[in-house]
1. Can you give me the C-alpha center-to-center distance between the range B:20-45 and the range B:288-308, rounded to a whole angstrom?
2. Order these peptides, B:365-371, B:305-311, by their mean beta-carbon neighbour count within 10 angstrom, highest first.
3. Which angle between 0 and 90 degrees, to the nearest 10, do you get for helix B:31-58 versus the longest principal axis of chain B when only C-alpha atoms count?
4. Against the longest principal axis of chain A, how steep is helix A:32-54, in degrees 0 to 90 to the nearest 10, with axes from Cα atoms?
5. Taking beta carbons within 10 Å but only from partner chains, what does the mean come to for residues B:40-50?
6. As a test of the definition: which semi-axes, in Å, follow for the range B:181-294 when you take the square root of five times each eigenvalue of its alpha carbon gyration tensor? Largest first, please.
7. Would you compute, from DSSP H runs of 4+ residues alone, the mean residue ellipticity of chain B at 222 nm, taking -39500 (n - 2.57) per run and dividing by the full residue count, rounded to the nearest 500?
8. Compute the Cα gyration tensor for the range B:16-104, then decide on rounded, prolate or oblate, letting a ≥ b ≥ c be the square roots of its eigenvalues: rounded whenever a/c is under 1.5, prolate when a/b is larger than b/c in the other cases, and oblate in all that remain.
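Just so it is clear, none of the values below were taken in a lab; they were calculated from the coordinates. Remember, it's a predicted structure, so these values are computed and weren't measured experimentally. Positions of Cβ are generated from backbone atoms using ideal geometry, with glycine treated the same way; all protein chains shown enter the neighbour counts.
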């Protein structure tokens, strides 16, 4: 029964797995670039969820075609929303990468733990 | 022409700052012009917000609905200027104008070059436009987009200084907050999947009809919204990025970030929780208890953290977290007085914290001293700055006749009304703690002798003017809170009225 | 970053026009087919980035100076906002399309969509120039 539900809703299931994978990467990896990749994976999980929500089995792309009326169109709205989401994620990645570069130049490492250590050495303890 | 502008004001308050921010990057060599344009937009924003607020007040609290592109509600994006939106627009404009005035003639030395200063103004206007958008929008996907715009511009503003700590704290901020955005987007997706609407009103109607069919999805969506927007607005256990970010940012940026940006996200959270889920659903999902507990924990814990900080800006940053706890507490109590208190306190705290951060920034620029223990006798060397600082501190500590008191008083009434004695105790203890970490600064500044070798003085007249304006706003809000309180009360009643 | 390779350069010059035309095709057909300004803008930018990669950054910068990307970025978005203001000038809401009296044409043809085609052009320019300037910011290491 449960398996059946999973099989029918496999895109959502995949989204959950992707989300978990991304979260684990962000939370457990010290490398800043890997953290960014994890964030991108989480975002793709959410995009997948949206895109799956817009899909209708047997639907066609929602382009108005007067020669064959009465067809089932998939919902274009979630995909359009996700295009916006992708734009946002591209800009976040770009900004994050440039910041990573600045951090790398300043500290000479991409390891978040080492950076935290160096920071606490620099700052006086109070 | 005038009527056209008046009719379209809800969208113009959002578009005007964005338009100017698009043009600013082409003016990198003309700092004066960029400063002038930014100030102009801040003034226009203030008058526009004032006009919209007066419309809402005179209209008896009715909201103006504006359909983008002429597409009506379930299809198109709707902008709604109600009491809450007017209050937030007014707050945003009230804090932005002094922050811009403070930056003029001053910012280049804080961020390193005039090029970077122009970029800073670009980001500032983007943030301002996004905040105005968050205030007026009635569409949850729009909320997401505007939240992202605000987050990116905040991140840029935190990284505006050239030192390595600024880049590092901006990166931490960006990583944590983009996790929050993913959660927020997930929450929006779940709401869209089960209701089929992105418009808050329609989604709310649909949700109240069908939520019992999908109790787990609704719960998940609510927690996604709470955590997603909670990370962004630095609610207590999720605040770890805020102290670093605020202490590294240039002072106008810290003022705006602590005063407005986090409030914008909080208003979004409030809109989503009350306008989409609705008060009764919040109570049925027991979200109100979680929010109240988080709020109380935030007030007490962050105040205790603040006591332990010696760096002035970090102390103020923890104070911000603590004060956000008040807003959260008011949100969780689900009654009109508490919500009134929360909304008014957000406005009051915006002005008070902005003046504190600007004063702290002025002190750092003039003397290079960042620590509380180094500030002995500064009150006599920088009278205007410290006077403004004192006004802000008194307001945050909840002294009567200052803005913070009115908000805290309403919150106290609200907690008693809800029968939540712990909440009332937290409000009072928080105020005492707030006095405990802010008053030593004032005592050191005025009562301790200054080291004689220092030559300190107040900053330029624009910086003084901006601090005086904000201080005056804090006092006016405290002495005659009338219009603001009325807006807050109506907004609270509207929020509660959505089932 | 320089790759001295004759084959790479020749092939880039051969392919470049097609990439650009394809990108513009997608931008201009945004209102009647999948794709649109963001995807098209990226493709236009990618063509240019391919050129800059094959011929070296300096030569790439010579073709599109920093000033051009800055101005394109700013005015691409401003164009969008100004088109939105057309509605207000005509007394209908912001970004109104048919309501503002703009001819929306016959559905399915390239001239349909009214304002949307014009908006796509602005966004396409903005996206392409932003991608190019991001590419150069990352390369020139002056973040």
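1. Cα centroid to Cα centroid, the span is 39 Å.
2. Going from most to least packed, we get B:305-311, B:365-371.
3. 50
4. That helix lies at roughly 20 degrees to the long axis.
5. Across the residues of B:40-50, the mean count of other-chain Cβ atoms within 10 Å is 0.
6. Working: eigenvalues 171, 38, 27 Å².
Over the Cα atoms of the range B:181-294, the semi-axes work out to 29, 14, 12 Å.
7. Here the helix-only value at 222 nm equals -25000 deg cm²/dmol.
8. Values: a/c = 3.65, a/b = 1.61, b/c = 2.27.
Verdict is oblate for the range B:16-104.
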